[in-house]
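The values are calculated or read from the model by the stated rules, or taken from the named source; none is laboratory data. Remember, it's a predicted structure, so these values are computed and weren't measured experimentally. Because the Cβ atoms are built from the backbone with ideal geometry, glycine has one as well, and the counts that use them run over all protein chains shown.
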Amino acid sequence: MTVIFFACLGATGTSLEEARKSGWLFDAAVPDRVDVFKVWTARVHPCCIKWDKIFCTNFFFTFIQLFLVSFLTTVKNIYGTSEFTRTRSEIDHEVLAAGILNTATGAVGGCPCGLVMSFSVTAHSMGARSKVFSWALAALSTVLFVLG
């Protein structure tokens, strides 16, 4: 959809500012430089939080749905990886590890996620049979995502 929108803008010769003035975009000032560290580490006083938006029925049901989808996806990924690689996995331990990971991620302000084990399947299909691939992937992820 985004590609189509920008293609239409390009085809008609309309700039982003013109589209914004015409009401096609939100009227928002875009800074020259975003301080990502400041955005992720901002502390909000509890009085400023809109608690009625958090403790409402829709939020509760959405939270439960997200939890169930994430849990089922995690279990399916663990089972699928075990079947594909013909290895035995302790699903209880894997789900517990995913739960600890998401709890720790949420505690430090990160976004909890579902566990996807496609890297394991890719490594196995390429012939990797040791933990070297896992350690290399962890190091590369740290360099690319944490250090930028």
Which numbered condition ALA28 fails, given (1) at pLDDT below 85; (2) part of a helix (DSSP H, G or I): (2)
The stretch 109-148, subset at pLDDT below 75 and of a type in the set (Val, Ile, Thr), residue farthest from LEU72 (Cα to Cα): VAL146
Which listed residue, of ALA139, ALA128, ALA104, is under 30 Å from ARG43 (Cβ atoms), without any contact (Cβ under 8 Å) to a residue 40 or more places away in the chain, among the hydrophobic types (A, V, I, L, M, F, W, C) and surrounded by 10 or more Cβ atoms within 10 Å (Cβ to Cβ): ALA104
Subset of the stretch 1-11 [assigned to a helix (DSSP H, G or I) and either at pLDDT below 85 or more than 14 Å from LEU25 (Cβ to Cβ) (or both)]: THR2, VAL3, ILE4, PHE5, PHE6, ALA7, GLY10, ALA11
